[in-house]
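Written out below as structure tokens is the structure these notes cover.
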Amino acid sequence: IIFKHIFSSLIRILWGFMIACSLGVMVGILIGFFSIPEAVGNPIIAATFPIPKIAILPLLILWLGIGEASKVAVIALGVFFPMVINVYTGVKNVDPVLIKAALSLGSNRARIIRKVILPSILPMIFAGMKLGIGIALLLVVAAEMVAADTGIGFMILTAADLMQTKKLMVGLIILSLLGIFFNWLFQKLERFFVPWKP
């Protein structure tokens, strides 16, 4: 039964995390590299980032229903912001000499993004992913405490209601182990994809 709860939570985390990372990288590059999207996007991100994502869950349930979509959406929202902010910061810190050199060699903007920007911001992308996965673990637990019948959050809430302290502790230990595992995984991936980083 515990493995069923872990599997349910991991599926929700995986979907929310993948959606947020994909959108976060695209939006971060867009507002970091182009002036008009930056002028429009920065105030929107500054206004929406401080809103607690779990506070939006009732609205998401109202819009998307009580199924998986609302739970995935709240995780995606939580992970999206650290991804965008890290990618945006990475783009702004790319050496302008590299961009000018690429332009002087006849590269267009799409090629500059692919060949110069993306390799330069990989460390910041992984930093955003490490932050994001911790937020995803927090949010999946909170999301599963509302209108769910599986997941680690549901297991913890049920154990707390029934005063099953051992089961509650198992849930907390599982969360800690998942945090350690994901941190180790992203460190390995970063060493593989960013071998030049000391």
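The values are calculated or read from the model by the stated rules, or taken from the named source; none is laboratory data. Here the structure is a predicted model, which is why all the values come from computation and not from measurement. Every residue, glycine as well, gets a Cβ built from its backbone with ideal geometry; the counts of neighbours run over all protein chains shown. Calculation scope for accessible area: heavy atoms of the full protein, side chains included, ligands and nucleic acids excluded. Shrake-Rupley method; radii C 1.70, N 1.55, O 1.52, S 1.80 Å.
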Of (1) buried (at least 18 other Cβ atoms within 10 Å of the Cβ); (2) at pLDDT 90 or above, Gly134 fails just (1)
All but one of (1) at pLDDT 85 or above; (2) among the aliphatic types (A, V, I, L, M); (3) over 21 Å from Pro37 (Cα atoms); (4) in contact with a helix residue (DSSP H, G or I) (Cβ under 6 Å, 6 or more places away or on another chain) hold for Val79; which doesn't? (3)
Counting only helices (runs of 4 or more DSSP H) wholly inside the stretch 111-193, the ones holding at least 2 residues that are of a type in the set (D, E, K, R) are 118-144, 165-193
Looking for something of a type in the set (A, V, I, L, M, F, W, C), farther than 30 Å from Ser176 by Cα and without any contact (Cβ under 8 Å) to a residue 24 or more places away in the chain - is there at least one such residue anywhere in the stretch 11-33? yes
Is there a residue in the stretch 34-41 that is out of contact with any Lys or Arg (no Cβ under 9 Å at 6 or more places or on another chain) and under 30 Å from Thr158 (Cα atoms)? no
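Being among the aliphatic types (A, V, I, L, M) and open to solvent by 60 Å² or more (accessible area, probe 1.4 Å) is the filter here; which residues of the stretch 78-109 pass it?
Ile85, Val97, Leu98, Leu103, Leu105
Conditions (1) free of Cβ contacts under 8 Å to residues at least 24 places away in the same chain; (2) under 18 Å from Leu138 (Cα atoms), marked per residue:
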site: Ala148; (1), (2): no, yes
site: Ala160; (1), (2): yes, yes
site: Gln164; (1), (2): yes, no
site: Leu175; (1), (2): no, yes
site: Glu190; (1), (2): no, no
site: Val194; (1), (2): no, no
Extreme residue, farthest from the chain's Cα centre (by Cα), among residues of the stretch 31-50 that are surrounded by 11 or more Cβ atoms within 10 Å (Cβ to Cβ) and farther than 30 Å from Asn108 by Cβ: Thr48
Close pairs (8 angstrom Cβ cut-off, 6 or more residues apart or separate chains): in contact (Cβ under 8 Å) with a residue 60 or more places away in the chain and under 18 Å from Thr150 (Cα atoms) in the stretch 59-70, open to solvent by less than 30 Å² (accessible area, probe 1.4 Å) and among the hydroxyl-bearing types (Ser, Thr, Tyr) anywhere: Ile61/Ser70
Where Val140 falls short, out of the listed (1) modelled with pLDDT of 85 or more; (2) open to solvent by 90 Å² or more (accessible area, probe 1.4 Å): (2)
Restricting the stretch 43-57 to residues that are touching a residue at least 40 places away in the same chain (Cβ under 8 Å) and out of contact with any Lys or Arg (no Cβ under 9 Å at 6 or more places or on another chain), the one nearest to Ile112 (Cα to Cα) turns out to be Ile45
So for the stretch 147-158 (the condition being modelled with pLDDT of 90 or more, within 20 Å of the chain's Cα centre (by Cα) and either open to solvent by 60 Å² or more (accessible area, probe 1.4 Å) or on the phi > 0 side of the Ramachandran plot (or both)), does at least one residue qualify? no
